[in-house]
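All remarks here apply to the structure that follows.
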Protein chains: 2
Amino acid sequence: MQVEYAPLFLGIDGGGSKCRAVIVGADGAVLGSGLGGPASPFQGFEQSIASITAATHRALASAGLEEARARRLHACLGLAGVNLPAVHRQVLEWAHPFSDVLVATDSRVACIGAHGGADGAILIAGTGSCGYAMVDGEEVLVGGHGFPCGDKGGGAWTGLRALEHVLRTLDGLGEPTSLVARLLTHLGARDALGLVGRLGGHGAVEYARLAPLVFAAADEGDKVATAIVREGAEYLDGLARRLLAAAPPRMSLRMSLIGGLAPLVTRWLAPEVAAALSPALEAPEMGSVRLAVQHWHERAAGQATG
Amino acid sequence: MQVEYAPLFLGIDGGGSKCRAVIVGADGAVLGSGLGGPASPFQGFEQSIASITAATHRALASAGLEEARARRLHACLGLAGVNLPAVHRQVLEWAHPFSDVLVATDSRVACIGAHGGADGAILIAGTGSCGYAMVDGEEVLVGGHGFPCGDKGGGAWTGLRALEHVLRTLDGLGEPTSLVARLLTHLGARDALGLVGRLGGHGAVEYARLAPLVFAAADEGDKVATAIVREGAEYLDGLARRLLAAAPPRMSLRMSLIGGLAPLVTRWLAPEVAAALSPALEAPEMGSVRLAVQHWHERAAGQATG
């Protein structure tokens, strides 16, 4: 005789620097959560799978469930990079340990979370940058093309611009503002060779760690840091305006600014963009759970009528 | 009884995109040459060694020599990235197949080649960018910190800036100049997703392949391409002025512009910088041979007196 269990849902939010997992019961109660490493399958498929697995195991443990219970989870994986068809296919082909899996972009689950499942828009300023809106069942996506060719205004872009300035100054070709000393001290480097040894060839996540220093310098009036932060904020303004223009006339689109840079960059945004922002209602991984629950109901309805 | 052979010299010029090898006899005659793949040990040590080995084997074959003759070669490896102490050490620890090995930066061997061993300066505009001078036994190095944090004005930087513009335009945030159509056609992409699928996550060499298109668009008056090319050329002007300032007063420093972008970027340089340029006398790998020969003579002299 088979034992009937109430369904369990797993929500994943996996980006370029970390992966968050949450397990929610049929009644909507959060049972456990866990954190994992970088989880963008575009940047590294094996790493992504490893991070999703680790975050899920931690969430199961914090819920007091054995790892074997993964088989019962109805999962939704919200992942960066799965808007690329080849990457999406690769994730779908994963021999996952769950009951079933739905794959969505990290932007989509973040937007669903931010507005509790209702229509709305998000402006992401984390390691990368991106604009996303869901209006009347239509997705709008602007930016978010990945570092280094896109993601302007994000942490990696901000850190890289600052690093460029420091290197230029050490070559005698830039102005030695306070930003230079700040970065050198932070990285424990004394010259260009030391800096490049520390950061050269590294990725978006390492550059993004420098972004808070750039905002701190800009807040104290450093000229170069201010120019970098302004240029990034203007790009984010542009993304926001494109999203707001996507809403039908007279509809007031709910828009949230999310990501690690959000608290730092808000005061640099154009006044009308800043005024259009509302706080996110739920975390991205909870948006992922919403999708998993919706999918489960749809299948249940399909089985009942089919 | 041991057979006495005349010495054979191997000159290597290894950069981020390719490796050139040349074999020269004791009389200075070029016996053979060969080409290999990317050879910057900073970007990938194993790849660098494989490229150096492949280029050397091809040079031996073109000289009509067996691979085993590598044991007779007095080699100088001019390699990108060996100004970093850790990278330099790693190359020195390689169990090489040669008689002996000298390791130098690619800038140094290029400068020695460009001026036939005499004092002078080089401005490199290839995949990356860099300025180097040797004056009275003193090295001056400006720029060349590697992509993406340095190397402004080089091919990778130029291509990346153009790609940023195309993506911004496809998002409705940039001006659709001729550069956009040019890049999309060249890459066989129709939208941002296609572009990122083709180029996202790729490296300096792939971005650098776009640089000639940017120069072509600038030459035809494209506004955005012109702004990118100008910004890059101004940076190269800055490197050149730093090098020219390094020469003692009244000494006329011989300066050469080398690298794949040289023919394209010259007309965009400041008039006084362009006027200060002289053609390179020898290829970088011949500069490497010069160092190998000099090293061999020094050791011979040391053995005679020691």
Give the residue, chosen from A:Glu272, A:Glu234, that is under 14 Å from A:Ala125 (Cβ atoms) and among the acidic types (Asp, Glu).
A:Glu234
For region B:23-40, check the following and say yes or no: at least one residue is touching a residue at least 40 places away in the same chain (Cβ under 8 Å), in contact with a Leu (Cβ under 6 Å, 6 or more places away or on another chain) and assigned to a strand (DSSP E or B).
yes
Those residues of region A:108-153 which are assigned to a strand (DSSP E or B) and closer than 30 Å to B:Gly159 by Cβ amount to A:Leu123, A:Ile124, A:Ala125, A:Ser129, A:Cys130, A:Gly131, A:Tyr132, A:Glu139, A:Val140, A:Leu141, A:Val142, A:Gly143
Give me the pairs, please: first residue somewhere in region A:190-207 and more than 12 Å from B:Gly150 (Cβ to Cβ), second residue anywhere and at pLDDT below 80, beta-carbon distance under 7 Å, and either six or more positions apart or on two chains.
A:Glu206/A:Leu199
Taking the options A:Glu67, A:Glu93, name whichever one is closer than 23 Å to A:Pro7 by Cβ and not aliphatic (A, V, I, L, M).
A:Glu67
If a residue has to be facing chain B (nearest Cβ under 9 Å) and among the aromatic types (Phe, Trp, Tyr) to count, how many in region A:130-174 make the cut?
1
Taking the conditions exactly as written (more than 30 Å from A:Cys76 (Cβ to Cβ), among the small types (Gly, Ala, Ser), open to solvent by less than 30 Å² (accessible area, probe 1.4 Å) and in contact with a Leu (Cβ under 8 Å, 6 or more places away or on another chain)), does A:Ala189 satisfy them or not?
yes
Take the residues in region A:63-85 that are open to solvent by 30 Å² or more (accessible area, probe 1.4 Å) and within 14 Å of chain B (Cβ to nearest Cβ), then tell me which one is modelled with the highest pLDDT.
A:Pro85
How many residues does region A:248-271 hold that are modelled with pLDDT of 95 or more and over 20 Å from A:Gly154 (Cβ atoms)?
1
Taking B:Val103 as the residue in question, decide whether it is within 13 Å of chain A (Cβ to nearest Cβ), in a strand (DSSP E or B) and either charged (D, E, K, R) or farther than 30 Å from A:Ala133 by Cβ (or both).
no
Check region A:142-159 and report whether any residue there is open to solvent by 40 Å² or more (accessible area, probe 1.4 Å) and at positive phi.
no
Being within 30 Å of A:Gln90 (Cα to Cα) and either at the interface with another protein chain (Cβ under 10 Å from one of its Cβ atoms) or buried (at least 22 other Cβ atoms within 10 Å of the Cβ) (or both): is that true of B:Leu236 here?
no
Looking at (1) surrounded by fewer than 22 Cβ atoms within 10 Å (Cβ to Cβ); (2) within 14 Å of another protein chain (Cβ to nearest Cβ); (3) at pLDDT below 95, which one does A:Arg89 not meet, given that it meets all the others?
(3)
Just checking, which of A:Arg198, A:Arg209 is within 11 Å of chain B (Cβ to nearest Cβ) and open to solvent by 50 Å² or more (accessible area, probe 1.4 Å)?
A:Arg198
Exactly one of these conditions fails for A:His115: (1) farther than 12 Å from A:Gly15 by Cβ; (2) at pLDDT 95 or above; (3) surrounded by fewer than 24 Cβ atoms within 10 Å (Cβ to Cβ). Give me its number.
(2)
Single residue of region B:1-22 satisfying the filter (in a loop (DSSP other than H, G, I, E, B) and open to solvent by 70 Å² or more (accessible area, probe 1.4 Å)) that is modelled with the lowest pLDDT:
B:Met1
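The values are calculated or read from the model by the stated rules, or taken from the named source; none is laboratory data. Treat the numbers as computed from the prediction; the structure is a model and nothing was measured. Ideal geometry is used to build each Cβ from the backbone, glycine not excepted, and the neighbour counts take in all protein chains shown. The protein model used for the area step is the full one, side chains on, heavy atoms only, and it has no ligands, DNA or RNA in it. Shrake-Rupley method; radii C 1.70, N 1.55, O 1.52, S 1.80 Å.
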